Every structure is written in C-alpha cells, then in structure tokens.
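Chemist: Sending over a structure as structure tokens; questions will come in a sec.
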Amino acid sequence: MAPHQLRGPPDPPENRAPEQPLEPSQWFAEAVLATLREPLLVLDANLRLVMANRAFYRAFGGTPEEALGRPLYELHGHLFDSPALRTLLEAILPQNTAFDDFEHSVELPELGHRVLVLNARRLYREAHKTDLILLAVEDVTEKHRAAEAQARLAAIVDGSNDAILSKSLDGTIRTWNAAAERLYGYAAAEAVGRHIGLIVPPERRAELEAILQRVARGERVEALETERIRKDGSRLQVSVSVSPIRDAAGGVVGASAIARDITERTRMDQALRESARLLEDISSASPAVLYTMTVGADRTLVPTWVSRNVMALLGFSADEALDPAWWAGRLHPDDRAEALARSGELLARGSLAHEYRLLRKDGTVVWIRDELRVVRDAAGRPHEVVGAWLDITERHRLEEQFLQAQKMESVGRLAGGVAHDFNNLLTVITATVDLALPGLQEGDPLAADLKEIQQAARRGAALTQHLLAFSRRQVFQPKVVNLNDMLAELEPMMRRLVGEDIKLVTVPGAPLGNVRVDPGQMTQVVMNLVVNSRDAMPQGGTLTLETADADLDEAYAARHVGVTPGPFVMLAVTDTGIGMDEATCQRVFEPFFTTKEPGRGTGLGLSTVYGIVKQSGGNIWVYSEPGVGTTFKIYLPRVTAPVTAAEPQLPPASARGTETVMVVEDDPSLREVARRVLEAAGYTVLTAGTPGEALLSAERFRGPIHLLITDVVMPTMRGPELAERLTQLHPETRVVYTSGYTENAIVHRGELQEGTHFISKPFDAATLTRRVRAVLDRPPA
C-alpha cells in the first residue's frame, strides 16, 4: 500500500466526523491532540466544528454527536458567542492571520462564571487542499481568582498599619511593605536583599538567631515584644509575630514577620506601672487602705485591688484580702448584716460613707470608716467602686472616753446639787436635835428618839460627803506629800484590812517625786481601792501597790481624754481577783453602781476615789480582764515643792462667848437653827437671808460685828464678795464660810485660800460653836 493510504487506528467517534477518511499524518496529529490536557477545536472555513479532543468534552461537557458539524457559536449554550471572537476567527483563513491570548468571559449554567484564553492558527490539510482553523482553549478562571486574591493580599499587606515582611531562613529580606518603610525608615529597595540584622540591635542578635531556628523547625513565634533600630538610629519597641513559609511539599523555605509599633503603648505601660508603684507607695504611706471593686451583672461587688497597707491595718496580705469571701468574713458579726445591705444604697446614691467593725487576723476588733464612690460607664451604669478604709479605732475610743467623762461630769453636777441641798436639811436636823437634847430629863423616851435621829443624820452626812467627793465639791485642804511615806504609814492598817489570805506587796518607786493632795482624802482613795481589791479576791490572791515617776507625753495625752502632758507620779493598785469586763469598766466610777450583792456596798467607794483624784488635778484609769485581775492607775501632777511640815495641835477652845455674830444664809431653816445655837452659847446674833439684807443691817448696826458666818454660794452675791464689802464697813469683822461644796468660791479650783476659815455642811451645834470660838480667839493676822 502506498504511504498516503496508510491510516492509523481510527479516532474515537467523539473526536471527528466518521465520513472523513484520515491520512496517516492527520491520524498522527489527531492522536497527539487527543492526549493533550488543553481543550482543542478544529473548525472549517464556516467555523463549524470538525474535530474536538477529549479535554474539550471533559472541560465543557457534551458529546461529539451533539457538537460535530455545528457552528462554534452554538456550542454548549453559546459558549463562544462573542462578536469580537467571531471577527477574529473569520479573518484567519482569508487573510492568513492568527491571534493569541484572546480573553473571553462567559457564564455557564453548570460551571458559573468562567474566564477563557483563546489562541487560533490556520491549519492546512495538504491531502485535501483544505484550510482549517485550530482553536486552543485555556480555562484561566482559577488563575484569575488566584491573581485577584494575590492582588487583594498585596493591597492588604501594602495597606496594613503593621510592618509585614518576608525573609529566607538565612535572614535575607525578600519582601518589605509600605508600613515597614514607615516604621523602620528604609525604602523597600534599600531593605530587600539585605539581612534582617539591618534593623536588629546588636544585643538582640542572639534573640534573632533563636527565632530563625524556631521557624526553621516549623514553629511559630507569637507577639514577642522586642526592640528594633530605625534608619536614623533611633530605637523603638515592637511586638513581632513570625510564621514559617512552606513550599508545596510542606517544607519550610522562609519566614514571614508582622511587626507592630508598641513604643507608645510600652511608654504608657511603663507610665502605668510607675503610677501603680507610686499609688502603692502613696497608699502604703497613707493611713487609709484603698481598694477597688467591680460591679457584676447581678450588681454584686467583687474586689479587684487593695493597697498593701491592708497588712498593717488587718494583718492580712493584699492577696488574701482579694478573696471575695474574705470581705464578708472579716465583718464583725454585729455589723455584718447592715454593712452588706448598704451596697444597694451605694449603687443607688453613687457614694456612701459608713462606719463598722472589722476583725483583724488575730481576732481583735478595728473600727473603720468606709468611704466609697461609684464609677459609671459611658451608658451611666455602675461599673466600678473605689473605696477607702480609715482606721478610727482610736477616735472611737476617745469618743467613748469623752462621753464617759461627760456622763461622769453630769452625774457629778447632779450629785453635788443633791448633796448641797441635803446638807442644808441635815444641818437643820442635827442642830435642832442638839438644841432639844439638853432640855430633856435623863431617861426621857424622846431623848432616845432624838439620838436615833442624830445617828441617822450623821449617816446621811457621810453619804453626802461621798457624793461631794465624787462631784469634786468637797473641801480640799492640800499639802505636799510623798506617796511612799503615805503608803508606809498605811501599810499596817492595810494588812489588817485585807486579812491573811491576801498577800500585800508594796513596790515603792525610787526616787519618787512629791504630789500636792489632801492627805485625808488621799488616804481615803488608797483604802477604798484596797477594800475594792480585797472584795474582788474572795479566795485570796496578791494585792500590789506600786509607785513611780511618770512623764506623760503628747501621744499619751492624745489617747486619753482630759490628760495634760507633763511630769506625774503614778500610783497603781493591782489585784489578781475576778476582774471585770469592758462594760463594767465603763461604769465602775458611777455613783451607786456596784457588782456586789445587796447589802455589801453603797456603790460610792470608787466614785469617791474618782472625784478625789480629779479634784487633785489627776486622772485615774482602770485596766481589767475577767479571770485575770484589775489594775487602777492614778496619775497625780508631780511638784518640786518639799513635803509640808506637820501642823502643831492646838488645845480645844471654849465653845461659849459674848461677841456679836452675823449669820447670812438663804435657807430659812438653817439660818434659824444657827441663830438659836449661837444665842444658846451666849452670842448676840444678827441674821440675813441675802447679802443685800446683810449689808443694810451692817450699815445700821452701830456696834462691832465680830464675826460673819456666810454661805459661799447665794443667789445674788457670793460669800467672798459679801465678806469684802462688809469688812469695809466693819474692819474688825472676821469671816467663817459654810458650804456643802466650794466650787470656785472660797477656793481656787477647789482649794482653800491661805487663812480662810470654813465649816463644812452638815454640821452640828458643837462643831459650829467650837469653830466660832476658835476663829474669834485666833490672834490678829
């Protein structure tokens, strides 16, 4: 067979028209085309399909039966229906032209939007002298999409505010976006191809090598905060994330890095840390404990921060205090419910200040003032609470001291007023009984009744003396004494008083300063405290009396109401008895308050002690604990004067006389009984109910007035003023004052002036007449 008659194996029916015989060269060409993956079409001069390879049908569907012989523009739903394409194809054969890379977009029902690139050539069939057109079709849809994605990515990278760059594993820079140019100062042309060390400080090179090694192992470095160098040499803080770049096989071929400038944030963070440290330092130096709490969705308050000085206030660390359960657990049980309930009030009002007690770690109680403010968010909702605890324990203690002192002062004024009026009544009773008794026969039953009245009046007088001592209105006749000497004189009496079951110990301070007190009253103070301690130790124990010099400073005075700083002498009386609780200690100096069973005490012993100490210019404090014992500490002002010498005892004077005596008393009953007593003793008596009456009577009286007896306190004029004006009329007149108390009257701050004569109410007839006689018989000054 001749060569042109040779034929290869026939093409599959889908590739060509069966009625067209193929020459060996054509068969070979078609066999080659059939193996290509790119869709290929052969068109005749009328642009009808002569042949299509398998790739065409795989790409666009259909069968040869449906496609062969049909115009190109009708294939597959007008796949190639494009006027521009048709014009190009129709020009190929007549003009012997070709075209490349004609881009054709089309919407396919099943494949959607596709982008095709077409290339066409003239194909001449020598055997048949036929011109055909070879049309190659490339579907570049995915390439277009990838290119668009790449363009978008490039735009994102280039438009990013973060520096984005890539580098090889040896550190050579491959890409460099616009943000990297702005951040580091190098243009892309300056940076690409150079080593990344260009922007890394020398001291950070080891860190860089470690990053590259980690990336080479396929690891990712997240948000590493480090330092970089700009082109101008300045440094900046950056947050860098580095990721491996992999090839198609998954191998690591490079690294991408994203860097964000955190210089300002770092500066702000540093400033915030400095501010936080400053706040901590300030809060630690402040007396207030500062704290913050967040407001939860259910309006519960959760602690978020507390200053370190909470340790000094409560004994807990700041970390311990941030436990939400800790806050409620530290509230005093008596204050817990109210304090927690007020959180709702805080959120409603926006601010709150209240006082309550907290328990320290050691269980002791701290009074605090809690001042809180609500911080609201942009919508006006409660967002956070800031608060401050201020320790007001000392203030509370001083307030309690002040209230106690006020109460004692009020009770003292009441007791003094009652005692003054009661003394007047007792004086009338006593003096009247004294006048009545001498006129009765021996054995008269009335005499026994009057003596009983007399005894009762004396007991009442003793009671009023206690009240006057408490109210600091009794007569105060001071002398300079040494407490060591006084205790030594009293020790035998104290030993007999406490009995054999109690060990008495005296610890005299050496040396010990002197004090200015009324010796009789001070003896009463010591004996009352000794008796009180003895009764507190029914099973025996130890009673210790101790003296010492003490210098009380400003700090001590600030903690104790009524104390003036300076030198003092301390007297402490301590027992090992049953002790007292705090509530009892608060009331122990009140008149008539006693913890003893009925019939075993008047409740006036310690109130008497309190009044005498206060009248002496001192202070007394009690320290006690149930089951441990009690200590009373007395502080008396220390003086530099020597101990007062003992006065010689004068023989008793005669009670009778013939002189003229003026009695000025606003109480009619007392005035009348004094007149009767003095007239019975032989004196001429002038009486007046007011100072005005007394001065008028003195002007009219032509004879001498030898003695004026006047009450200290009267409605219109005080006794000393009356005495001064009357002695101008009668210079010969001597003066005797009477009173149940002498507050700022004949004494300065409760002390008798030098040379003043005084009769304390209540008094009986004998006391009155003896004192009158003694004053009249005293030699002129």
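The values are calculated or read from the model by the stated rules, or taken from the named source; none is laboratory data. Note that the structure is predicted; figures quoted are calculated from it, not measured. Ideal geometry is used to build each Cβ from the backbone, glycine not excepted, and the neighbour counts take in all protein chains shown. These area figures cover heavy atoms from the full protein model, side chains too; ligands, DNA and RNA do not enter into them. Shrake-Rupley method; radii C 1.70, N 1.55, O 1.52, S 1.80 Å.
Chemist: It is to be established whether one or more residues within the range 514-523 are open to solvent by 70 Å² or more (accessible area, probe 1.4 Å), at pLDDT 90 or above and not β-branched (Val, Ile, Thr).
Modeler: In the first step, residues of the range 514-523 are kept if they are open to solvent by 70 Å² or more (accessible area, probe 1.4 Å); the result is 516.
If we keep only those that are at pLDDT 90 or above too, we end up with none.
No, the range 514-523 contains no residue that is open to solvent by 70 Å² or more (accessible area, probe 1.4 Å), at pLDDT 90 or above and not β-branched (Val, Ile, Thr).
Chemist: Keeping to the range 684-728, report how many residues are outside any strand (DSSP E or B), out of contact with any Ser or Thr (no Cβ under 7 Å at 6 or more places or on another chain) and either within 16 Å of LEU776 (Cβ to Cβ) or open to solvent by less than 10 Å² (accessible area, probe 1.4 Å) (or both).
Modeler: Residues flagged as outside any strand (DSSP E or B), out of contact with any Ser or Thr (no Cβ under 7 Å at 6 or more places or on another chain) and either within 16 Å of LEU776 (Cβ to Cβ) or open to solvent by less than 10 Å² (accessible area, probe 1.4 Å) (or both) within the range 684-728 amount to 2.
Chemist: Can you tell me how many residues in the range 243-255 are open to solvent by 40 Å² or more (accessible area, probe 1.4 Å) and assigned to a strand (DSSP E or B)?
Modeler: Initially, the range 243-255 is screened for residues open to solvent by 40 Å² or more (accessible area, probe 1.4 Å), giving 245-249, 253.
The next check asks that each one be assigned to a strand (DSSP E or B); those that pass are 245-246, 253.
Qualifying residue count, the range 243-255: 3.
Chemist: I would also like to ask the following. Can you give me the number of residues within the range 153-168 that are more than 15 Å from ALA188 (Cβ to Cβ) and either at pLDDT below 70 or touching a helix residue (DSSP H, G or I) at 6+ places or on another chain (Cβ under 7 Å) (or both)? Outline the logic, then answer.
Modeler: Kept after step one, since they are more than 15 Å from ALA188 (Cβ to Cβ), are these residues of the range 153-168: 153, 155-156, 161-162, 168.
If we keep only those that are either at pLDDT below 70 or touching a helix residue (DSSP H, G or I) at 6+ places or on another chain (Cβ under 7 Å) (or both) too, we end up with 153, 155-156, 161-162.
Qualifying residue count, the range 153-168: 5.
Chemist: Name, by its number, the condition in (1) modelled with pLDDT of 85 or more; (2) surrounded by 13 or more Cβ atoms within 10 Å (Cβ to Cβ); (3) over 15 Å from LEU483 (Cα atoms) that does not hold for ARG638.
Modeler: For ARG638, the failing item is (3).
Chemist: Do you know which residues across the range 280-315 are under 18 Å from THR393 (Cβ atoms) and either among the charged types (D, E, K, R) or modelled with pLDDT under 85 (or both)? Step through it out loud before you land on a result.
Modeler: Here is the first cut: in the range 280-315, the residues under 18 Å from THR393 (Cβ atoms) are 286-289, 309-315.
Answer for the range 280-315, where residues must be under 18 Å from THR393 (Cβ atoms) and either among the charged types (D, E, K, R) or modelled with pLDDT under 85 (or both): SER286, PRO287, ALA288, VAL289, ASN309, VAL310, MET311, ALA312, LEU313, LEU314.
Chemist: Out of curiosity, is ALA271 assigned to a strand (DSSP E or B) and either modelled with pLDDT of 90 or more or open to solvent by less than 70 Å² (accessible area, probe 1.4 Å) (or both)?
Modeler: Working: assigned to a strand (DSSP E or B): no; either modelled with pLDDT of 90 or more or open to solvent by less than 70 Å² (accessible area, probe 1.4 Å) (or both): yes.
The answer is no for ALA271.
Chemist: While we're here: How many residues does the range 552-585 contain that are open to solvent by 40 Å² or more (accessible area, probe 1.4 Å) and either in contact with a Pro (Cβ under 9 Å, 6 or more places away or on another chain) or not in a loop (DSSP other than H, G, I, E, B) (or both)?
Modeler: Here is the first cut: in the range 552-585, the residues open to solvent by 40 Å² or more (accessible area, probe 1.4 Å) are 553-555, 558-559, 561-562, 564-565, 567, 574, 576, 578, 581-583.
With the extra rule that they be either in contact with a Pro (Cβ under 9 Å, 6 or more places away or on another chain) or not in a loop (DSSP other than H, G, I, E, B) (or both), the set shrinks to 553-555, 558-559, 564, 567, 574, 578, 581-583.
Result for the range 552-585: 12.
Chemist: Give the residues of the range 159-211 that are open to solvent by 30 Å² or more (accessible area, probe 1.4 Å), among the polar types (S, T, N, Q) and assigned to a strand (DSSP E or B), sorted by residue number.
Modeler: Across the range 159-211, the qualifying residue is only THR175.
Chemist: Filter the range 351-389 down to residues that are closer than 26 Å to ASN309 by Cα and assigned to a loop (DSSP other than H, G, I, E, B), then give me how many there are. Even if it seems obvious, please write down each step before you answer.
Modeler: Keep residues of the range 351-389 that are closer than 26 Å to ASN309 by Cα, which gives 351-375, 383-389.
Those left that are additionally assigned to a loop (DSSP other than H, G, I, E, B): 360-364.
Adding up the residues that qualify gives 5.
Chemist: Can you name every residue in the range 221-236 that is of a type in the set (S, T, N, Q) and assigned to a strand (DSSP E or B)? Step through it out loud before you land on a result.
Modeler: At the first step, the residues of the range 221-236 found to be of a type in the set (S, T, N, Q) are 226, 234.
Residue satisfying the conditions is THR226 alone.
Quick grid of which residues meet (1) assigned to a helix (DSSP H, G or I); (2) open to solvent by less than 50 Å² (accessible area, probe 1.4 Å):
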site: MET293; (1), (2): no, yes
site: ASP298; (1), (2): no, no
site: PRO303; (1), (2): no, yes
site: ARG308; (1), (2): no, no
site: ASP319; (1), (2): yes, no
site: ALA328; (1), (2): yes, yes
site: PRO333; (1), (2): no, no
site: LEU340; (1), (2): yes, no
site: SER343; (1), (2): yes, yes
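Chemist: Of the conditions (1) crowded, with 16+ Cβ neighbours inside 10 Å; (2) farther than 25 Å from ASP162 by Cβ, THR266 satisfies every one except a single condition; which number is it?
Modeler: (2)
Chemist: Tell me which residues, restricted to the range 588-622, are closer than 18 Å to ALA572 by Cβ, touching a helix residue (DSSP H, G or I) at 6+ places or on another chain (Cβ under 8 Å) and either modelled with pLDDT of 75 or more or assigned to a strand (DSSP E or B) (or both).
Modeler: Listed by number, the residues that qualify are VAL588, PHE589, LEU606, VAL609, TYR610, ILE612, VAL613, SER616, ASN619, ILE620, VAL622.
Chemist: What number of residues within the range 551-587 satisfy the criterion of being under 29 Å from ASN482 (Cβ atoms) and modelled with pLDDT of 75 or more?
Modeler: At the first step, the residues of the range 551-587 found to be under 29 Å from ASN482 (Cβ atoms) are 551-557, 559-577.
Then drop every residue that is not modelled with pLDDT of 75 or more, which leaves 551-554, 563-577.
Total satisfying the criteria: 19.
Chemist: Now for a different question. State all residues of the range 364-381 that are closer than 18 Å to ALA318 by Cα and at pLDDT below 85; if no residue qualifies, say none.
Modeler: Going through the range 364-381, the residues closer than 18 Å to ALA318 by Cα turn out to be 366, 368, 370.
Result: ILE368, ASP370.
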